[in-house]
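What follows is calculated from the coordinates using simple rules that are stated; it is not laboratory data. Quick caveat, the model's predicted, so the values are computed rather than measured. Every residue, glycine as well, gets a Cβ built from its backbone with ideal geometry; the counts of neighbours run over all protein chains shown.
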Amino acid sequence: MQVKNIMQTNIRSVKKGTTLGQLLASFKSFHSFPVVPVIDQEQVLIGTVHIRSFFEIFQPYNQELLIRNPLSMVSREPADIFNIEIEEGMGFLVIMADIMDTKIVKIDQDADLHKAYDLMQLHGKLAIPVVDENKKLVGIISVFDIVMKIFKEKGLV
Amino acid sequence: MNVILGIGIILIFGLLSGKFAEKIKTPAITAYLLLGIIIGPFALGIISESMIRISGTISNIALSFIAFSIGQNFSSKTFRRVGKQVMWISVLEAVGAWLITVAGLLCFKIPLYMSLIFGAIAAASAPAAIIMVVREYKARGKFVDVLMGVVALDDAWGLIIFSLSLAISKAMYLNLSSSMGHVIMEAVMEIGGSFLVGGILGFILSKIGLYLKSQTDLLICTIGIIFIATGLSLYFHFSVLLTAMFMAAVVVNLNNESFKFFDVLSTIDWPIYLVFFVLAGASLEMDLLGQIGVIGIVYMIFRVIGKFAGTYLGAYIAKSDKDVKKYLSLGLLPQAGVALGMALIAKEQFPEAGNIIFTTVAATTIIYEIIGPFFVKLALHKTNQIHN
């Protein structure tokens, strides 16, 4: 069984230039924040926004480079989210390119389900974006999709 | 006291002292160092000789982890991302601190092999201390962006400069009577050997990584390969730092998902760093403190001049605005972890001079950690990065 047979194709993605305000508005009724793929004009996957991405907003600088120096301690202290001054303007000043995670874990749509499952286990992820041969975003696959598929086969659903 | 009990005590008191340091807005690394001095042989004596004896092993492990993590910066992607300005300034402020500190110490008749080591250590800065100030004042702006980029990269350049300097210094020190050609040969062997070991093991790690299926396997594999790299470097007298850094550079450029190796390592590395810094404090020879006067002062002053001159030149070439040219070097003065690690390596390599280097750097680290943040704050003020 291939990834494309069970992945979710009706998904929400954002552009590099989507603002924080737009993102929050489109997810305000979700009960928790999912993994949101970020794509460019050609639909190519260039990053993901997930719950940790929001912590970038609470930092006065881009953390990506500093995290690579373990002695910078950047990733070790939780962000001080209760004591941040956020101006209203940040809703349209902050865009996805500022906060997205460019460490992309993705899977090809033709890949086998076992491979998708192993990849998610290895990276400790519950869902990852699916791309076609041109690296264009075509869907998302989650551990739940795979579990569901197995339950269906066993007649539980 | 046995080693295991000792490590347990160090971890718990290290955690407490780190939390206390946070309260009084001091970087945790300074707190670990001071804790080491307090519980070390010169004060309370809780850390026994047997603990100090294993500190060489712990520091080699800690330093190889640090160098491996910092080595992930050496990808074409990173270099494209940080931009011309940060590249020029970070390279030149590191090289500037190195050359000018070496020149300064030579003027005071310090032997070349020692001056080279001091100069290389001068290149390092302390990201944690600098970030702390930026966070505390919620500083934001273009100047902060450049400062953070430079701070992120300069330890990488510092580690390279140090490894090269150490190779040359060692060759000079061990072959005082030999020709210059022989000295250069030895240094080239050490550096070339590190690249070879790092390159091969980096290739192996990136390939094995494709077959791993769980975080635990990934962690075991990453640590295993780093240990083999470090062990081989020690055995053949290559550079532990260069080997680990080059290995990371190879992995980063060969494997699209290379971040998995670094991310998994960062889940377990901190306890090792904590023990490493506490033991570094404990192995400080307090009775040498009286002898470091002139060297310490010359080192501190020329490091500042070097950082300033290098930053100015880099900012000039990259056509940065005048705030960056004038004030960025003030933001780079704090010094801590990486510098201490380098000094510990020097201590192992040169029996007498090494002790002086280590004691001087440990003492100046504490001074830099106390006065450095004031200069960072001054730089942020002067460049209007502190709003409200």
Legend entry - Ellipsoid equivalent to chain A - semi-axes via the Cα gyration tensor, in Å: 30, 18, 16
Legend entry - Per-residue ³J(HN,Hα) for the range B:108-125, Karplus 6.51 cos²θ - 1.76 cosθ + 1.60, θ = phi - 60°, Hz, x for Gly and Pro: 9, 6, 7, x, 4, 5, 6, 4, 4, 5, 4, x, 5, 5, 4, 5, 6, 10
Inset, instruction - Tell me which residues come under 5 Å, amide H to amide H, from A:GLY47 once H is placed; ignore anything under 5 positions away on its chain. - result: A:VAL38
Inset, instruction - Please state the charge dipole magnitude for the protein assembly as shown, taken about the Cα centre, from unit charges on C-beta atoms (+1 on K and R, -1 on D and E), reported in debye and rounded to the nearest 20. - result: 800 debye
Inset, instruction - First check a/c for chain B, with a ≥ b ≥ c the square roots of the eigenvalues of its C-alpha gyration tensor; if it is under 1.5, answer rounded, and if not, answer prolate when a/b is larger than b/c or oblate otherwise. - result: rounded
Inset, instruction - Tabulate in residue order the Karplus-calculated ³J(HN,Hα) for the range A:78-91, using 6.51 cos²θ - 1.76 cosθ + 1.60 with θ = phi - 60°, rounded to whole Hz; enter x for Gly and Pro. - result: x, 5, 7, 6, 7, 10, 9, 8, 10, 7, 4, x, 5, x
Legend entry - Rel. contact order, % - alpha carbon contacts under 8 angstrom, at least six apart, chain B: 29 percent
Inset, instruction - Quick one: order B:VAL146, A:VAL35 by neighbouring beta-carbon count within 10 Å, fewest to most. - result: A:VAL35, B:VAL146
Legend entry - Packing-based exposure ordering (other Cβ within 10 Å, fewest first) of B:CYS107, B:CYS221: B:CYS107, B:CYS221
Inset, instruction - Return the single residue from B:SER266, B:SER239, B:SER17 with maximal mean-square fluctuation; model: Gaussian network over chain B, springs between Cα atoms under 10 Å. - result: B:SER266
Inset, instruction - Counting helices only, and only those DSSP H runs with n ≥ 4, report the 222 nm mean residue ellipticity of the protein assembly as shown as the sum of -39,500 (n - 2.57) divided by its residues, in deg cm²/dmol to the nearest 500. - result: -21000 deg cm²/dmol
Inset, instruction - Enter the Cα centre distance for the pair the range A:82-157 and the range B:255-298, rounded to the nearest angstrom. - result: 37 Å
Legend entry - Among B:GLY314, B:GLY224, B:GLY281: highest mean-square fluctuation, GNM of chain B, C-alpha pairs under 10 Å: B:GLY224
Inset, instruction - Choose one of B:ALA249, A:MET1, B:ALA363: the residue whose Cα lies farthest towards the positive end of the charge dipole of the protein assembly as shown (beta-carbon charges +1 Lys, Arg; -1 Asp, Glu; about the Cα centre). - result: A:MET1
Inset, instruction - Answer rounded, prolate or oblate for the range B:45-200, using the Cα gyration tensor with square roots of eigenvalues a ≥ b ≥ c: rounded when a/c is under 1.5, else prolate when a/b is larger than b/c, else oblate. - result: prolate
Inset, instruction - Provide the per-residue ³J(HN,Hα) series for the range A:52-57, in order, calculated from phi with Karplus coefficients 6.51, -1.76, 1.60 and θ = phi - 60°, each as a whole number of Hz, with x at glycine and proline positions. - result: 5, 4, 5, 5, 4, 5
Inset, instruction - Would you work out which of B:PRO271, B:TYR299, B:ILE52 lies farthest towards the positive end of the dipole of the protein assembly as shown, given +1 charges on the beta-carbon of Lys and Arg and -1 on that of Asp and Glu, about the Cα centre? - result: B:TYR299
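Does the range B:223-361 come out rounded, prolate or oblate, given a ≥ b ≥ c as the square roots of the eigenvalues of its C-alpha gyration tensor, rounded meaning a/c under 1.5 and, failing that, prolate meaning a/b above b/c?
Judged from the Cα gyration tensor, the range B:223-361 comes out oblate (a/c at least 1.5, b/c at or above a/b).
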Inset, instruction - Within 10 Å of each residue's Cβ, count the other Cβ atoms and sort B:ILE100, A:ILE57 from fewest upward. - result: A:ILE57, B:ILE100
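With contacts defined as alpha carbon pairs under 8 Å and 6 or more residues apart, what's the relative contact order of chain A in percent?
33 percent
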Inset, instruction - Just give me a number: lysine pairs in the range A:1-139, eight or more positions apart or cross-chain, with C-alpha atoms less than 20 Å apart. - result: 27
Legend entry - Per DSSP, loop GluC sites (Glu not before Pro) in the range A:19-118 with at most 10 further Cβ within 10 Å: A:GLU42, A:GLU85, A:GLU87, A:GLU88
Inset, instruction - Within 10 Å of each Cβ in peptide B:134-141, how many partner chain Cβ atoms are there on average? Round it to a whole number, please. - result: 3
